[in-house]
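The structure under discussion appears below in the form of structure tokens.
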Amino acid sequence: MTHNLPAMTHAQRTARAQDKTDILLKFLGSGEVFTTAQIAAQLWNVDRRRAAAGMRSMETRGLLKSEMHDVRAQDVCVFGITPHGLALADCYGNPRHELGRTNGAQIEHRIAGQRMRIKAEAEGWAKWTPERVIRLTPNLKKVPDAAATNPDGHRIAIEIERSIKTPKRYAEIIVAYLLEIKAGRYSEVHYVSPPGTEKLVAGMFSRIESVKFNGQIVKLEAKHRERFKFFSFDEWPPKPAESEVPK
């Protein structure tokens, strides 16, 4: 004998739909700006088809705008938050989605960061701030892809590193981040990469023996290097023992 689950009432369905709307608007309004149906499906714990339908419904209400992009020879639809959506999310002043202004080459990068955000927040990380909101703070030495507070209360700068930069650029980044750490803005910098790439990034950092600061050559010591940590997408966020911040 089978037992059917009781059907949701109209009030329950309405409340659930509103909860999903609120979740996505807060996510996008926090500075993520745009996302895909795959990410919405994770946030809402539904399949991609239902997520896409829900986002289309939000679009008809003026909360989202959508546009297609070519990403690695595949059509990808992104949905971005409108000024009305920002108002409902109580995120006045944060960036909104502007049609035609999204760089298609950056979509994979941004979506990878959003996947890491969902993982981290599920493990107790808090106060996630995307790059587009961090950038609003004046006089920064370096703007990470995101920053968040780990379960131990330490503020971490997060870099989604999908390809390798030059040694010269990494040397400049090291100086900038060490200055931000000295100023108390961050405790560590986490580089998070596709599996295998994290070893290449770590290798590039290990080869940099000195950096230029205020016209002088400064040798990098262990106390400098231990502020930078490297993970694959699968390994991040680290367990508490792995993420112990040096004093």
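The values are calculated or read from the model by the stated rules, or taken from the named source; none is laboratory data. All values derive from a computational prediction rather than experimental measurement. Note that each Cβ is placed from the backbone with ideal geometry, even for glycine, and that neighbours are counted across all protein chains shown.
Assorted remarks:
- The stretch 218-233 - residue that is at pLDDT 95 or above and over 18 Å from Ile156 (Cα atoms) and, of those, surrounded by the most Cβ atoms within 10 Å (Cβ to Cβ): Leu220
- Among the residues listed as Arg162, Arg96, Arg132, the single one being in contact with a Pro (Cβ under 8 Å, 6 or more places away or on another chain) and in the same structural domain as Glu59 (by TED's automatic domain parsing): Arg96
- Selection status of Ile81, closer than 30 Å to Thr137 by Cβ, touching a His at 6+ places or on another chain (Cβ under 7 Å) and outside the structural domain of Glu121 (by TED's automatic domain parsing): yes
- For the stretch 202-239, taking the residues that are farther than 24 Å from Ile160 by Cα and hydrophobic (A, V, I, L, M, F, W, C), the one that is nearest to the chain's Cα centre (by Cα) is identified as Phe213.
- Matching entry among Ala122, Ala147, Ala87, Ala126 (being out of contact with any His (no Cβ under 9 Å at 6 or more places or on another chain) and crowded, with 18+ Cβ neighbours inside 10 Å): Ala147
- Taken residue by residue, the stretch 65-75 has no member that is farther than 16 Å from Ile23 by Cβ, out of contact with any Cys (no Cβ under 7 Å at 6 or more places or on another chain), at pLDDT 95 or above and part of a helix (DSSP H, G or I).
- Exactly one residue among Glu59, Glu32 is in contact with a Ser or Thr (Cβ under 7 Å, 6 or more places away or on another chain), of a type in the set (Asp, Glu) and either closer than 21 Å to Lys127 by Cβ or surrounded by fewer than 20 Cβ atoms within 10 Å (Cβ to Cβ) (or both), and that residue is Glu59.
- Among the residues listed as Pro144, Pro237, Pro194, Pro138, the single one being at pLDDT below 95 and closer than 24 Å to Gln106 by Cα: Pro138
- Any chance Glu188 is at pLDDT 95 or above, of a type outside the set (Ser, Thr, Tyr) and out of contact with any Lys or Arg (no Cβ under 6 Å at 6 or more places or on another chain): no
- The residues of the stretch 203-217 that are in a strand (DSSP E or B), touching a strand residue (DSSP E or B) at 6+ places or on another chain (Cβ under 8 Å) and surrounded by fewer than 17 Cβ atoms within 10 Å (Cβ to Cβ), listed by number, are Ser210, Lys212, Ile217.
- Elements of type strands (runs of 3 or more DSSP E) in the stretch 97-202, at least 1 residues being under 16 Å from Phe233 (Cα atoms) and free of Cβ contacts under 8 Å to residues at least 60 places away in the same chain: 146-149, 155-160, 188-193
For (1) closer than 30 Å to Gly29 by Cβ; (2) hydroxyl-bearing (Ser, Thr, Tyr), each residue gets a yes or a no:
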| site | (1), (2) |
| --- | --- |
| Ile134 | yes, no |
| Val143 | yes, no |
| Ile174 | no, no |
| Tyr177 | yes, yes |
| Gly215 | no, no |
| Lys219 | no, no |
| Lys229 | yes, no |
